[in-house]
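Asker: Please see the structure below; I have some questions.
The values are calculated or read from the model by the stated rules, or taken from the named source; none is laboratory data. Source: prediction; values computed, not measured. For neighbour counting, all protein chains shown are included, and Cβ atoms are generated from backbone atoms with ideal geometry for every residue, glycine included. Each accessible area value is taken on the protein alone, full model and side chains, heavy atoms only, with ligands, DNA and RNA left out. Shrake-Rupley method; radii C 1.70, N 1.55, O 1.52, S 1.80 Å.
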Amino acid sequence: MDGRRARRSCLAVPGSSAKMIDKARGLAVDQFFLDLEDAVAPLAKAEARERIVGALTEGGWDGKVRSVRVNALDTEWTYRDVVAVVEGAGADLDTIILPKVSTPDHVRWLDLTLTQIERAMGLEIGRIGIEPQIEDARGLVEIDAIARAPRVEALIYGPADFMASVNMRSLVVGHQPPGYDVGDAYHYTLFRILTAARAADVQAIDGPYLQIKDVDGLREVGGRSAALGFDGKWVLHPAQVDAVNELFSPRQADYDHAENILDAYEWHTSAAGGARGAAMLGDEMIDEASRKMALVIAGKGRAAGMSRTDRWTPPEG
């Protein structure tokens, strides 16, 4: 189980649509999930399970994180979703997204169920991760325990259901509700999810922006969570992919600078560099705190497959 997988962009794909599944294979996303929940009508869920198993086992996902979103535990479909998908394609599945998680018990149930199936099918125990989706007030209150539950790799913000849960007076996901003019109505929720994720050493993923043709709006809304430090965001349409990948990747200059800080600090703290705890990089003083901040940016750049265009070298003599 690897919680450090790149998740800049996570594409939602209806599990009932063979056309959309085939199209998803060629898109430049870090992660996709085949959906059994909201995108699939009740009468189509059984058939969608079979289609998802076939899509996973056929392969062709080119290193993407392979996920399935099952139905929430307050429905009659969840256990059949898990059994059908994991028994049929467990070796070709990286994570299960569990929606509407309001208590760590939901995650524990899925962990125990996965363990039973893995044992029965001879699969590696614990390899399949869990991504809980936080979609109501209780889930946010319980988020620290949810983040520390077994197998959790990432916490996902579900904005539309969460807005309904707290009775927010807005019909547009991510936009400020009418009458709220004292700041960002979503800041607390986003920062609470992010803090819980970081404390548990898991990733934090922003939910979708539903106005799929409004790329400027997507950049504005996604830019807020990216600036806070979220690792990625869901996308609903190919038109959103490039913008989200860009938002959740460092700028080239920032990536180069971060790598240079790491190189310079390593040299200056070595015997050859004088074993100094603080040093100058151009006009900037760098120290251990600088190294920690640079590790974050460099890590995001490396995960995104970025290459350096500038490289610091030690001074001669």
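Asker: Limited to the stretch 163-193, what total is found for residues that are basic (Lys, Arg) and under 15 Å from Phe230 (Cα atoms)? Steps first, answer last, please.
Answerer: Restricting attention to the stretch 163-193, the residues satisfying the condition of being basic (Lys, Arg) are 169, 192.
After this cut, where a residue has to be under 15 Å from Phe230 (Cα atoms) as well, the list is 192.
Within the stretch 163-193, residues that are basic (Lys, Arg) and under 15 Å from Phe230 (Cα atoms) number 1.
Asker: Within the stretch 54-65, track down each residue that is touching a helix residue (DSSP H, G or I) at 6+ places or on another chain (Cβ under 6 Å) and either on the phi > 0 side of the Ramachandran plot or open to solvent by 30 Å² or more (accessible area, probe 1.4 Å) (or both). Talk me through it step by step, then tell me what you get.
Answerer: Let us first name the residues in the stretch 54-65 that are touching a helix residue (DSSP H, G or I) at 6+ places or on another chain (Cβ under 6 Å), namely 55-57.
Thr57 - this is the single residue of the stretch 54-65 that is touching a helix residue (DSSP H, G or I) at 6+ places or on another chain (Cβ under 6 Å) and either on the phi > 0 side of the Ramachandran plot or open to solvent by 30 Å² or more (accessible area, probe 1.4 Å) (or both).
Asker: Sticking with this one: Out of all the residues in the stretch 271-281, which are open to solvent by 80 Å² or more (accessible area, probe 1.4 Å) and either among the polar types (S, T, N, Q) or part of a strand (DSSP E or B) (or both)?
Answerer: Result: Met280, single match.
Asker: Just checking: which of the helices (runs of 4 or more DSSP H) contained wholly in the stretch 123-166 hold 3 or more residues that are among the small types (Gly, Ala, Ser) and over 20 Å from Gly90 (Cβ atoms)? Spell out the reasoning first.
Answerer: On the way: elements: 137-141, 143-147, 159-165.
Ranges flagged: 159-165.
Asker: Follow-up question, since we're still on this one. If you take just the helices (runs of 4 or more DSSP H) that sit entirely in the stretch 182-269, which of them hold at least 3 residues that are under 17 Å from Ala160 (Cβ atoms)?
Answerer: Numbers: elements: 187-199, 215-228, 241-247, 252-268.
Qualifying helices (runs of 4 or more DSSP H): 187-199, 215-228.
Asker: Determine if the stretch 282-293 includes at least one residue that is outside any helix (DSSP H, G or I) and buried (at least 17 other Cβ atoms within 10 Å of the Cβ). So that I can check it myself, show each step before the final result.
Answerer: Of the stretch 282-293, the ones outside any helix (DSSP H, G or I) are 282-287.
Next cut, buried (at least 17 other Cβ atoms within 10 Å of the Cβ) only: 286.
Among the residues of the stretch 282-293, at least one is outside any helix (DSSP H, G or I) and buried (at least 17 other Cβ atoms within 10 Å of the Cβ), which makes the answer yes.
Asker: Of the residues Asp22, Asp105, Asp2, which is part of a helix (DSSP H, G or I) and modelled with pLDDT under 95? Break it down stepwise before answering.
Answerer: On the way: Asp105 fails: modelled with pLDDT under 95; Asp2 fails: part of a helix (DSSP H, G or I).
Matching residue, one of Asp22, Asp105, Asp2: Asp22.
Asker: Does Arg219 fit the bill of being touching a helix residue (DSSP H, G or I) at 6+ places or on another chain (Cβ under 8 Å) and charged (D, E, K, R)?
Answerer: On the way: touching a helix residue (DSSP H, G or I) at 6+ places or on another chain (Cβ under 8 Å): yes; charged (D, E, K, R): yes.
Spelling it out, Arg219 is indeed touching a helix residue (DSSP H, G or I) at 6+ places or on another chain (Cβ under 8 Å) and charged (D, E, K, R).
Asker: Would you pick out the residues in the stretch 78-123 that are over 22 Å from the mean Cα position of the chain (by Cα), over 20 Å from Arg51 (Cα atoms), open to solvent by 20 Å² or more (accessible area, probe 1.4 Å) and charged (D, E, K, R)?
Answerer: Within the stretch 78-123, just Arg119 meets the criteria.
Asker: Continuing with this model, one more query. When you go through Thr57, Thr113 one by one, which is the residue that is under 20 Å from Ala149 (Cβ atoms), part of a helix (DSSP H, G or I) and among the polar types (S, T, N, Q)? Step through it out loud before you land on a result.
Answerer: Details: Thr57 fails: under 20 Å from Ala149 (Cβ atoms).
Only one candidate passes the filter, namely Thr113.
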